[in-house]
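Notes follow once the structure below has been shown.
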Amino acid sequence: MNKPARKFLALSLLTVGLSHNAGAISLDLGANYKLQTISEGNKLAGEPSLSFYLERLQVYMGTQLNKDVEARVQIQALNPWGLEGSTTTALQNTRYPSANGTPWVQSAYLKASQLFGQPIQLTLGRQPITWGDGFVLTDDELGFDAIRVQATSPWATLPLDSDIFYAKISQEFGSSTGSSGLFGALLGTGSEKKTRMEIYFLQESDDSGTPYEAGVETAPVTSSQITRDFLGLRIHGNIHDAYYKFEYAKQGGSVNRVGGNNLTLQGYGLTFEAGDKLTTQNYGVFNGFFNYAMGTGDSPGNAGVDGAFRPTYAHRWDGLERSGYGRYFAATVSDAYSTAALFNNSSTSQTGLPSGTSGIQIVGGGVGYSPTTPVKMELGYYDYTAEQSLTGSTNLGSEIDLTLHYQYTGFLSFGGTYARFTPGSAYSPGGQTANLTELTAELKF
């Protein structure tokens with residue numbers, strides 16, 4: 001038995017033992033299994049294209065020790081087939097502890113509510129943390145090693161709630177340097193079902209010597225310390241069958257680099273989405289949506305300042321596949337899918353954009369149709385523009401997506417996606433139309 005599997009077995013036995021000895025009031029066991037066949041073309045000549053299968057298994061066990069104490073353990077395993085040559089090495093550079101079928105611990109935490117007899121919840125251990133849709137913060141199903149405190153106001157006349165956490169991302173043994181961490185504090189009011197408003201502060205700290213490349217630079221320089229913070233506002237509302245979402249975050253911080261040439265971090269990002277649906281008696285359900293999102297880039301004439309908006313822990317991943325605006329280009333407001341570094345996590349020097357280009361503006365929308373409850377179809381379009389470019393060309397391209405989803409039973413579903421990305425002049429010379437096809441089967445039990 002390999003080391004990760006032994007760790008999971010030990011944690012599982014510990015959880016079962018706790019539930020047995022404490023007289024647990026519930027035990028929750030389950031698994032999610034996803035099988036995909038994926039074919040991705042390359043948007044630049046000379047870069048690789050891919051055709052492979054991907055298995056993803058998540059197994060979880062949770063126990064309610066009593067009405068105020070909960071424990072949960074979840075493991076994950078990613079297993080691609082059909083990747084050969086250089087892509088095998090690329091799998092060793094993913095954000096995950098393992099991407100060769102070896103299981104690893106996604107989460108293992110203890111949650112206690114009603115601390116001191118008040119509506120205060122404490123969560124300790126490796127846990128999922130996501131704010132909103134992950135515009136600046138999500139673990140993307142990797143988990144954070146964190147201490148988290150969430151509280152709700154006990155007064156009906158003051159309907160506020162808060163979320164404060166600290167996560168240790170990495171730590172060099174026996175040293176106060178060479179580490180990275182994450183601190184967040186959020187204050188909110190209302191509910192996601194009606195109207196929800198949040199203000200938040202998020203700070204990233206990195207003393208690990210990460211190479212840093214400003215948006216207008218063409219090569220990274222080793223840093224000694226990076227501090228990046230975000231002050232943000234998020235609003236989400238529902239009006240009958242319509243919805244709207246808005247989020248704005250202002251970036252600050254600094255980068256100290258070896259040999260000088262330090263930087264001040266500035267910039268901002270925002271996203272807006274609205275949608276509605278129409279239910280008919282004879283023709284099924286129709287829906288439509290509109291997206292607008294942007295993140296500032298780094299101005300070439302502003303020396304000593306990096307204005308590229310880059311939240312390190314924004315939503316980017318679904319297993320080994322990029323996830324974002326558009327299934328192929330999979331953009332955030334700061335980076336996109338890169339066929340040059342297939343599975344690598346995004347960084348200041350690996351954004352998926354042409355060298356010297358930073359910041360992305362995204363305009364998108366689409367329509368959907370569901371003739372019967374199990375069947376859903378959607379057609380989407382996205383246009384991408386760089387906010388700043390050394391070459392002067394900011395046209396990144398456009399994408400059309402067609403998705404189909406069939407809920408066969410409550411446990412089993414099937415899906416299909418076809419995406420066609422047309423690169424813009426910013427990728428010249430060598431840009432070429434890239435297609436993606438994907439078939440998915442997913443089982444949850």
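The values are calculated or read from the model by the stated rules, or taken from the named source; none is laboratory data. Source: prediction; values computed, not measured. Every residue, glycine among them, receives a Cβ derived from its backbone with ideal geometry; neighbour counts consider all protein chains shown.
Restricting LEU91, LEU137, LEU83 to those that are within 26 Å of TYR268 (Cα to Cα) and surrounded by 17 or more Cβ atoms within 10 Å (Cβ to Cβ) reduces the list to LEU137. A single member of SER393, SER413, SER425 is in contact with a helix residue (DSSP H, G or I) (Cβ under 6 Å, 6 or more places away or on another chain) and more than 17 Å from GLY324 (Cα to Cα), and it is SER393.
Condition check for GLU378 on (1) surrounded by fewer than 17 Cβ atoms within 10 Å (Cβ to Cβ); (2) touching a residue at least 24 places away in the same chain (Cβ under 8 Å); (3) farther than 27 Å from TYR60 by Cα: one failure, at (1).
Within region 358-369, is there a residue that is surrounded by 15 or more Cβ atoms within 10 Å (Cβ to Cβ), assigned to a helix (DSSP H, G or I) and touching a strand residue (DSSP E or B) at 6+ places or on another chain (Cβ under 8 Å)? Among the residues of region 358-369, not one is surrounded by 15 or more Cβ atoms within 10 Å (Cβ to Cβ), assigned to a helix (DSSP H, G or I) and touching a strand residue (DSSP E or B) at 6+ places or on another chain (Cβ under 8 Å), which makes the answer no.
Is it the case that THR437 is among the hydroxyl-bearing types (Ser, Thr, Tyr), free of Cβ contacts under 8 Å to residues at least 12 places away in the same chain and surrounded by fewer than 19 Cβ atoms within 10 Å (Cβ to Cβ)? Criteria not met by THR437. State yes or no: is THR195 loosely packed, with under 15 Cβ neighbours inside 10 Å and either under 22 Å from the mean Cα position of the chain (by Cα) or free of Cβ contacts under 8 Å to residues at least 40 places away in the same chain (or both)? The answer is no for THR195. Output the residue which, of all residues in region 309-335 that are at pLDDT 95 or above and of a type in the set (Gly, Ala, Ser), is nearest to GLU204 (Cα to Cα). It comes out as ALA314.
Tallying residues that are more than 18 Å from VAL333 (Cβ to Cβ), part of a loop (DSSP other than H, G, I, E, B) and of a type outside the set (A, V, I, L, M) within region 274-306 yields 7. Annotation: LEU124 fulfils all but one of (1) at pLDDT 95 or above; (2) not in a strand (DSSP E or B); the unmet one is (2).
Okay, residues lined up against (1) out of contact with any Ser or Thr (no Cβ under 9 Å at 6 or more places or on another chain); (2) over 20 Å from ARG196 (Cα atoms); (3) of a type in the set (Ser, Thr, Tyr):
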{"site": "LEU231", "(1), (2), (3)": "yes, no, no"}
{"site": "LYS245", "(1), (2), (3)": "no, no, no"}
{"site": "ARG257", "(1), (2), (3)": "no, yes, no"}
{"site": "ASN261", "(1), (2), (3)": "yes, yes, no"}
{"site": "ASN282", "(1), (2), (3)": "yes, yes, no"}
{"site": "GLY288", "(1), (2), (3)": "yes, yes, no"}
{"site": "ASN291", "(1), (2), (3)": "no, no, no"}
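One residue stands out among those in region 396-421 that are surrounded by fewer than 17 Cβ atoms within 10 Å (Cβ to Cβ) and polar (S, T, N, Q): the one that is modelled with the highest pLDDT, which is GLN407.
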